[in-house]
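Here, each number is a calculation from the coordinates, and none is a lab measurement. The structure displayed is predicted, hence computed values, not measured ones. Positions of Cβ are backbone-derived with ideal geometry, glycine not excepted, and every protein chain shown enters the neighbour counts.
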Amino acid sequence: MKRIFKTLALAGALASIIGVFVGCSKNGPSSGSDADGSSAKTLAITNVSYDPTRELYEQYNELFQTYWEEEKGQKVEITQSHGGSGKQARSVLEGNEADVVTLALEGDVDELRKAGLIEDGWVKEFPKNSAPYTSTIVFLVRKGNPKNLKDWDDIVQPGVEVITPDPKSSGGARWNFLAAWAYADKNSGGNEEQDKEFLKSLYANVTVLDSGARGSTTTFVENGQGDVLLAWENEAFLSLKEHPDEFEIVNPSLSILAQPSVAVVDANVEKHGTEEVSKAYLEYLYSDDAQRLEGQNYYRPSNPDILKEFSDTFDLDIELVNIDDDFGGWEAATEKFFADGAIFDQIYKK
Amino acid sequence: MIPGFGLSMGITITMLSLIVLIPLLSVLLTLSNTTFKDFWQVITDGQTVATYKVSLSCAAVAATINVVFGILLAWILTRYKFPFRRVLDGLIELPFALPTAVAGISLTTLYSDKGWIGGLFGKIGIKISYTTTGIVIAMIFIGIPFVVRSIQPVLEKLDPQYEEAASALGASRSRIFFKVVFPEILPAALTGFGLAFARCIGEYGSVVFIAGNIPYQTQITPLIIMNKLEQFNYAAATSIALVMVIFAFLLLFGINLLQARINKIARG
């Protein structure tokens, strides 16, 4: 009996190892062999994205496929992949041959530039700093807002339990931190010691620091932890949609303009011969149809006219700071706040 | 020599190299660009040291609890005949088969103060999920098969006649357990402890969900490694990984030494 178990276990282990190898080899592109495959042949591109964009890109891919076929008479197959933004960037670094990346953070895309996969100046390659849609950070509270949380001041009070992911491990969570910092900084008139104290009392209220945004949403929504979840606006709307009578969105007076970045992975499209279609795939994200689709998926369209069409959904009066003007860009912000030993580490030191 | 030694040894070495030695060497290789000063700074950073404490202490507690319950479980499974014994026997391995994230999520939900079990404890003011207690629970879950499966074969081979003889000679039940049974299963229990302990130190998937991950309180070492990776800081991640490899190695080595001594004593 025991021997049978052992044999089975061994067989299982072997099978899984083989499975991993087979799985890995599938990652390679199917159209990689000839570089001039622009004719009638089916094109295939891979879009490596982050967690909450799954539904958006499922719909967008269909839209783009129709557009491309009408325009060029070519069928294009699109593979999408989702996960934590940083993890996804690493997978591309380590050999996942993405044609385009659509990630949560400019910094994650920039890691690919540093590795030589993307050319310098990618931020300016597409309009609006290569951010076709934006979002912001809002509060998700329990129905009826029992603790009456209206703004950042309220959630740093003792006794309020806050759920947010760890900015060290979650790209998305950095926006949360920076939004809080911007609010504190505005009220302190630029006194950074006071800002640190504000953030210290905020994170002292954090009872669960999940490693990713999806984890925090589960902790707050499914496991009933905490009074307020600091969430991306689009994620907050999704939670509302799934649990219509349990939660409310509270818009703070000030938040941050979260700009997810898109880019063509130059080194890979060159290899696959998919330069043209990859570029068109990202450009089309700015078309009116795509912008509306983004709005319907609770991302804020970057086209101001189309954004106005969604003024019932989004609070357009929140004061939004942005990373470039208020924090000097991602590189500076990462260095100042999130590097080892920087401000985020300091607020946890005793 | 028995025929086939060359072939089987060859296959063994190849497999070991491919899946154990080469990956471990690549850990060292990644570190070759790091100066010792940087390495030391990373591995002795206050927050990182705090995670060693959490990981090691929780793993020690979990492995100890596992040994006690593991002996009991193995005893029941080998000494008694009862309905569904085979089913229970099969269930022991479930923690091996279940994806750890699934285990982590279900444990977290069950043991959170809104969950079935956590709710009961919550009423008397004990929080389980998102505390070190939660970490220990997840570790017990993933560690238990190691102890049971180490002890079970020894108990199966242990002839009940020894116990009968001791009983006939007038030994009390507890005396029989401590003087007759326990010395026999001690080496196996130690192996189980060591395996469970080492597994618990390295466990990531199930623990991160239940841990709460608050720096200096409920962060485990594997999480810090993930954090460094997330910041594209491969050198720092590898440095801490190396520390964990050393921990695990020392632990298993120590247990082997201890076992050798016990066996020596047992043989006189």
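Among A:Ala179, A:Ala115, A:Ala98, which one moves the most in a GNM of chain A with springs linking Cα atoms closer than 10 Å?
A:Ala115
Do the alpha carbons of any pairs in A:Lys87/B:Lys37; A:Lys124/A:Lys308; A:Lys72/A:Lys279; A:Lys128/A:Lys241 sit beyond 23 Å of each other, and which pairs?
Details: A:Lys87/B:Lys37 28 Å; A:Lys124/A:Lys308 25 Å; A:Lys72/A:Lys279 14 Å; A:Lys128/A:Lys241 29 Å.
Too far apart for the 23 Å limit: A:Lys87/B:Lys37; A:Lys124/A:Lys308; A:Lys128/A:Lys241.
Aspartates and glutamates within cross-link reach of B:Lys127: Cα-Cα under 14 Å, excluding same-chain residues under 8 positions apart?
The qualifying aspartates and glutamates are B:Asp113.
Which of B:Val207, B:Val181, B:Val148 moves most in a GNM of chain B, Cα contacts under 10 Å?
Evaluated over chain B, the most mobile residue of the options is B:Val181.
Starting from the 7 Å offset along Cα-to-Cβ, what nm value, one decimal, do you get for the label separation of A:Glu197 and A:Glu331?
With each label placed 7 Å out from Cα toward Cβ, I get 3.5 nm.
Give the share of C-alpha pairs in each 10 angstrom bin for chain A, from 0 to the last occupied bin, in whole percents, shortest bins first.
Whole-percent P(r) values from 0 Å outward: 5, 23, 30, 23, 13, 5, 1, 0.
If you line up the long axis of helix A:192-204 against the longest principal axis of chain A, both from Cα atoms, how many degrees apart are they, to the nearest 10?
80 degrees
Using only the Cα atoms of the stretch B:131-268, what do you get for the radius of gyration and for Dmax, in Å?
My reading of the Cα-based Rg and Dmax gives 20.0, 68 Å.
Are there GluC sites (Glu not before Pro) in the stretch A:168-210 that DSSP marks as loop and that have at most 10 other Cβ atoms within 10 Å, and which are they?
Working: sites: A:Glu192, A:Glu193, A:Glu197; in loops: none.
Sites meeting the loop and neighbour criteria: none at all.
Write out the trypsin sites (Lys or Arg not before Pro) in the stretch A:68-123 meeting two conditions: DSSP loop, and at most 14 other Cβ atoms within 10 Å of their Cβ.
A:Lys75
At 18 Å minimum axial length over the Cα atoms and a Kyte-Doolittle cut of 1.0, report the qualifying DSSP H helices in chain B, or say none. Could the numbers behind the result be given before it?
Details: long enough: B:46-79 (49 Å, 1.26); B:132-157 (38 Å, 1.36); B:182-202 (29 Å, 1.21); B:234-267 (49 Å, 1.47).
Membrane-span-like by this rule: B:46-79, B:132-157, B:182-202, B:234-267.
With chain A treated as a Gaussian network of Cα nodes joined by springs under 10 Å, which of A:Leu254, A:Leu238, A:Leu230 yields the largest mean-square fluctuation?
So, out of A:Leu254, A:Leu238, A:Leu230, the one fluctuating most is A:Leu238.
Given a cut-off of 37 Å, what percent of all Cα-Cα pairs of the protein assembly as shown lie beyond it?
Working: 85524 of 190653 pairs.
So the portion of pairs separated by more than 37 Å is 45 percent.
Using Cα-Cα distances under 8 Å and only pairs 6 or more residues apart, what relative contact order does chain A have, in percent?
On the way: 559 pairs, mean separation 79.2, N = 350.
Contact order relative to length: 23 percent.
Using the alpha-carbon centroid of each, what span in Å lies between the stretch B:227-256 and the stretch B:154-175?
Using only Cα atoms, the two centres lie 44 Å from each other.
Where does helix A:2-26 land angle-wise versus the long Cα axis of chain A, in degrees 0 to 90, nearest 10?
80 degrees
When only Cα pairs under 8 Å and 6 or more residues apart are kept, what is the percent relative contact order across chain B? Provide the component values of the computation, followed by the final result.
Numbers: 290 pairs, mean separation 76.6, N = 268.
Computed over chain B, the figure is 29 percent.
What shape does chain B have by the C-alpha gyration tensor, where a ≥ b ≥ c are the square roots of the eigenvalues, rounded means a/c under 1.5, and otherwise prolate means a/b greater than b/c and oblate the rest?
Numbers: a/c = 2.02, a/b = 1.28, b/c = 1.57.
The shape class here is oblate.
Among all stretches of chain B without exposed chymotrypsin sites (Phe, Trp or Tyr not before Pro) (DSSP loop, at most 10 other Cβ atoms within 10 Å), which one is longest? Intermediate values should be presented prior to the final figure.
Working: sites that count: B:Tyr80, B:Phe84.
Here the longest segment lacking exposed loop sites spans B:85-268.
Ranking A:Asp210, A:Asp315 by Cβ neighbours within 10 Å, fewest first, what do you get?
Working: A:Asp210 27, A:Asp315 14.
In order of increasing Cβ crowding within 10 Å: A:Asp315, A:Asp210.
Just check the stretch B:27-74 against the gyration tensor rule for me: Cα atoms, a ≥ b ≥ c as the square roots of the eigenvalues, rounded for a/c under 1.5, and otherwise prolate or oblate depending on whether a/b exceeds b/c. Don't skip to the answer; put the middle values down first.
Working: a/c = 7.40, a/b = 2.47, b/c = 2.99.
Oblate, because a/c is 1.5 or more while a/b does not exceed b/c.
For B:Lys123 and A:Gln59, FRET efficiency with R0 = 41 Å and r from the beta-carbon atoms, rounded to 0.05?
On the way: r = 46 Å, r/R0 = 1.12.
Result of the calculation: an efficiency of 0.35.
Could you work out the local net charge near B:Ala166, counting Lys and Arg as +1, Asp and Glu as -1, over the other residues with Cβ closer than 9 Å to its Cβ? Write down the numbers at each step before the final one.
Working: positive: B:Arg175, B:Lys179; negative: B:Glu163, B:Glu164.
Net of charged neighbours comes to 0.
Provide the net charge surrounding A:Thr136, with neighbours chosen by a C-beta distance below 13 Å and charges set as Lys +1, Arg +1, Asp -1, Glu -1. Don't jump to the answer; show the numbers that get you there.
On the way: positive: A:Arg300; negative: A:Glu233, A:Glu235, A:Asp315, A:Asp317, A:Glu319.
Result for the local shell: -4.
Once the Cα atoms of helix A:233-242 and of chain A are each reduced to a long axis, what angle between those two axes, in degrees from 0 to 90 to the nearest 10, is obtained?
Rounded to the nearest ten degrees, it is 90.
Can you give me the distance in nm between label points at A:Asp324 and A:Ala267, each placed 7 Å from the Cα along the Cα-to-Cβ direction?
Reported label-point gap for A:Asp324 and A:Ala267 is 2.6 nm.
Show which lysines lie in cross-link reach of A:Lys186 when reach means a straight Cα distance below 16 angstrom and same-chain residues fewer than eight apart are skipped.
A:Lys196
Relative contact order, percent, of the stretch A:192-277 when contacts are C-alpha pairs under 8 Å separated by at least 6 residues?
Details: 22 pairs, mean separation 10.2, N = 86.
Across the stretch A:192-277, relative contact order equals 12 percent.
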